[in-house]
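The values are calculated or read from the model by the stated rules, or taken from the named source; none is laboratory data. Note that this is a predicted model, so its numbers are computed, not measured. Counting neighbours? That spans all protein chains shown, and the Cβs are built from the backbone with ideal geometry, glycine included. What goes into the accessible areas is simple: the full protein's heavy atoms, side chains included, and nothing from ligands, DNA or RNA. Shrake-Rupley method; radii C 1.70, N 1.55, O 1.52, S 1.80 Å.
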Amino acid sequence: MSESTDNAPDGLSVSPTGWALLGMLSGGDELSGYDVKKWFNWTVRFFYSSPAYSQIYSELKRLEQKNLVTSRLDAGVRSRRMYQITDQGLAAVTRWANDEPVEAPTLKHNPLLRVIFGHLMNPGRLREILTEHVAHVEQLHREAATEARWTGDQPAWSYARLALRWSEEYYAAERELALQMIKELDEVGETFAKGGEGGVKFPVRDYWYEVERRIAAEDDPA
């Protein structure tokens with residue numbers, strides 16, 4: 001599936017991943033596609049999806065076609081293609097970073113999607129899913145903390161460290177929220193069961209639209 005593109009100044013059409021690749025190359029050092037993937041996995045994966053190798057190489061090829069990067073074949077022990085940003089590419093990604101609108105983040109939370117449909121879950125299954133989620137975010141929290149610690153000695157990595165420290169705190173908060181949901185599962189299940197045969201079902205069209213009208217009335221100062 002192809003990514004949508006952001007239109008930069010000068011009529012350039014570059015995908016979000018393409019801009020990220022240019023940002024990584026903005027330090028001026030030559031990087032291979034493997035290097036870029038490692039950099040993604042080291043820092044960016046905590047807050048932005050990490051592209052596959054195939055996508056990275058496709059994007060680098062497109063950037064080269066637009067004269068935003070150059071490449072050369074390094075015929076060493078392991079033959080690899082090395083990429084370097086051009087002056088045009090550096091100017092473009094600098095304008096993108098400063099001038100292009102920033103989209104609001106979107107959240108795709110699969111465990112939480114199961115929570116909202118908890119009435120369909122087998123006994124204990126939702127608790128199991130949330131427990132697995134806690135273990136997952138605990139691991140990410142530890143990894144983000146480690147990466148942040150190792151960036152502390154290099155001034156050039158100050159901004160990366162700031163993002164990694166945010167990631168560390170984000171996953172700590174996510175862990176606490178998940179643990180709190182686990183604590184509330186029994187109470188929520190009992191509350192839901194009180195609906196019985198005569199209670200409001202989930203979801204009932206008339207009830208939901210009535211709630212929507214009440215919310216709209218609260219938001220309308222008139």
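Summary of values
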read-out: Residue selected from the range 110-122 under the condition free of Cβ contacts under 8 Å to residues at least 24 places away in the same chain and under 14 Å from ALA178 (Cβ atoms), by the criterion most open to solvent (accessible area, probe 1.4 Å); value: ARG114
read-out: Tally of residues being in contact (Cβ under 8 Å) with a residue 24 or more places away in the chain, of a type in the set (A, V, I, L, M) and either loosely packed, with under 14 Cβ neighbours inside 10 Å or closer than 20 Å to PRO16 by Cα (or both) across the range 69-98; value: 6
read-out: Search result, residues across the range 48-96 that are over 30 Å from LEU107 (Cβ atoms) and assigned to a helix (DSSP H, G or I); value: LYS61, GLU64, GLN65, ASP87, GLN88, GLY89, LEU90, ALA91
read-out: Candidates ARG125, ARG165 - the one that is among the basic types (Lys, Arg), more than 30 Å from SER13 (Cβ to Cβ), without any contact (Cβ under 8 Å) to a residue 12 or more places away in the chain and open to solvent by 70 Å² or more (accessible area, probe 1.4 Å); value: ARG125
read-out: Check on ASP87, in the same structural domain as VAL69 (by the TED database) and of a type in the set (Asp, Glu); value: yes
read-out: Hey, ARG80 assigned by the TED database to the domain that holds ALA20, among the charged types (D, E, K, R) and touching an Asp or Glu at 6+ places or on another chain (Cβ under 7 Å) or not; value: yes
read-out: Selection status of LEU63, aliphatic (A, V, I, L, M), over 29 Å from ARG142 (Cα atoms), at pLDDT below 95 and not assigned by the TED database to the domain that holds ALA156; value: no
read-out: Count of residues meeting criterion [of a type in the set (S, T, N, Q) and more than 23 Å from TYR170 (Cα to Cα)] in the range 107-129; value: 1
read-out: Yes/no for GLU143 being over 19 Å from PHE40 (Cα atoms) and assigned to a helix (DSSP H, G or I); value: no
read-out: TYR171 being open to solvent by less than 100 Å² (accessible area, probe 1.4 Å), part of a helix (DSSP H, G or I), in contact with a helix residue (DSSP H, G or I) (Cβ under 7 Å, 6 or more places away or on another chain) and among the aromatic types (Phe, Trp, Tyr); value: yes
read-out: Residue in the range 8-19 that is part of a loop (DSSP other than H, G, I, E, B) and at pLDDT below 85 present; value: yes
